[in-house]
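> First the structure, which I've put down as C-alpha cells, then a few questions once you've had a look.
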Amino acid sequence: MNTHIRHETLDPAWSVAAILDLFALPLNDLLLKAQTIHRQHHPANAVQQSRLLSIKTGACPEDCAYCPQSSRYQTAVEEAPLMPLPQVLAAAKRAQAAGAQRFCMGAAWRSPTERQLDDVVEHVKAVKALGLETCVTLGMLKPGQAERLKAAGLDYYNHNLDTSREYYGEIIHSRTYDDRLQTLQRVRDAGLKVCCGGIVGLGESREIRAGLIATLASLAPYPESVPINQLVKVAGTPLADAPDLDPIEFVRTIAVTRIVMPRTVVRLSAGRETMHDSTQALCFMAGANSIFQGEQLLTTPNPRVEADAALFERLGLVPMPDQPRADAATAAPAATSGPTTLKSSTNEEAPAC
Ligand code: SAM
Ligand code: DTB
Ligand code: SF4
C-alpha cells in the first residue's frame, strides 16, 4: 500500500504569503477575480445541494474544541447508536424528494471498527441504489477501509483538515495533523473523491486561514469538494464564546478558496442558520456553489428547504442538476443561464464534483 503522503506544493504561487496578498485585495477586486474564475470553471448560477444525516451521534472520544459531539464536553447533544438502515433510507428518500443530489452520512467516531464499517457499507449500498451520490464522514480510516467503502459505491469521503497545521494543536489534542493527512491519502489511493475543508471563526488569525487554504491547495490533486464551515457556537464546548468572525472576512475566505482551487466545488457549509441573506449572497458571488440543504446539519440547525428555495429565487440561483465540468467553462465561459446547456461529455480534466 502506498503510505507516502503526497503533500507537495504543486503551484508555488500559492504560498501562504501569496494567499495573504489575495486576502488583502480591495473587496471589489477580490470578488471580481473570484467570480471571473468561478465562471471559467463552473455554471455561473448553479448550486450543488447535499443533505447531512448523523448516523451515529455523540460520545466521541476526540476532543475537538468546536464539537458538540465530543464526550469531553457537557452539551445538549443526546447520544444515539448507529442508525438502523430503514431509518437511514427513509431520510435519504426524503432528502432526494427535497432536491438533494448527495447524501452525506456522519458518524461521531475517532475511527470506525471493521464491524461498524460493515454496517456503513450496507448504508452506502442502499443509498447509492436510490440514485443519490454518497458521502460519509467517519473519522480516521485504517488501511483497507477506504477500499471497502469504494467497493460499496461510495463517491466522496469527507475528512476536514479544519485549520492550519500551526493552529491544530490549539483546537484538537487527541490526534495530529499528520493523522488527518494520512487518512486523506488513503481515501485518494482508494479512488474516492475527497471532500476536505475547514472551520473559520475558531479565534484564528487570517494567516491561519491562509495556511489552511494553502494546505488544501497543496494536496495532489486538491479536493473535489471544499466545505468552508463557519463555527456553530454550541453551549458547553470550549469555543462556545469564541468572538464572531466579521462576515466580510468570511466572504473573503470563500473568494480566496475559489481563486486558489478553481475547479473545486466550494461549499458554504455550517453557519448559514445565523448568516444574513446578504452575506450568503456575497458568498455565492465569491464562488461558493454548494450548500447543505435541510433543517439540520449533524446536531445543529440549518435553514429550512423553503427558506433556501426563497433565497435561491431572489438570487436567481438554480440547483445543480449534474456535476460541473471543466469543459463547461470552455463551452460557455460567461454563462448566465441555467446549467443544462453546460452538461456535456466527460473530460479527464473535469472536477469530480
Ligand atoms: N468524526 C468525524 C471527523 O471528525 O472527521 C466526522 C464528523 S465531524 C462532526 C465532521 C466535521 O464537522 C468536522 O471536521 C468539522 O469541520 C465539522 N464541525 C463539527 N462541529 C462543528 C461546529 N460546531 N461548527 C462548524 N463545523 C463543525
Ligand atoms: C462539513 O464540513 N461540515 C459538516 C459535514 N462536513 C460533516 C458538519 C457540520 C457540523 C456542524 C455541527 C453539527 O451540526 O453538529
Ligand atoms: Fe468527534 Fe468528529 Fe466531533 Fe471531533 S469533530 S469530536 S472527531 S465527531
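> For each of ASP155, ASP29, count neighbouring Cβ atoms within 10 Å of the residue's Cβ, then give the residues from fewest to most.
Taking fewest neighbouring Cβ atoms as first place, the list is ASP29, ASP155.
> What is the spread of the Cα atoms of the range 264-309 along each of their three principal axes, largest first, in whole Å?
Projected onto the principal axes, the Cα atoms of the range 264-309 cover 27, 22, 17 Å.
> Which percent, to the nearest 5, of DSSP beta bridges fully inside the chain are antiparallel?
5
> Can you tell me which lysines have their Cα less than 26 Å from the Cα of LYS33? Leave out same-chain residues fewer than eight positions away.
Candidates past the 8-residue exclusion: LYS343.
> May I have the convex hull volume per residue, in Å³, for the Cα set of the range 1-142?
Convex hull of Cα atoms, per residue: 208 Å³.
> Distance check, please: which entries in LYS56/LYS233; LYS193/LYS233; LYS125/LYS233 exceed 32 angstrom between their Cα atoms?
Those over the limit are LYS125/LYS233.
> Quick check on the exposure proxy: order PHE292, PHE312, PHE103 from fewest to most C-beta atoms within 10 angstrom.
PHE312, PHE292, PHE103
> How would you classify the chain from its alpha-carbon gyration tensor, with a ≥ b ≥ c the square roots of the eigenvalues: rounded for a/c under 1.5, else prolate if a/b is greater than b/c, otherwise oblate?
Rounded shape, in that the Cα axes give a/c under 1.5.
> Determine, for THR176, THR75, the number of other Cβ atoms within 10 Å of each Cβ, and report the residues in order from fewest to most.
So the ranking, lowest neighbour count to highest, is THR176, THR75.
> Peptides 246-252, 15-21, 105-111, 261-267: what's the order by average Cβ count within 10 Å, highest mean first?
By packing density, highest mean first, the sequence is 261-267, 105-111, 246-252, 15-21.
> Distance in nm between label sites at GLN182 and ARG94, each 7 Å beyond Cα in the beta-carbon direction?
It is 3.8 nm.
No value in this document is a laboratory result; all are computed from the given coordinates. All figures in this text were calculated on a predicted structure; none of them were measured in a lab. With ideal geometry, Cβ positions are generated from the backbone for all residues, glycine too; neighbour counts draw on all protein chains shown.
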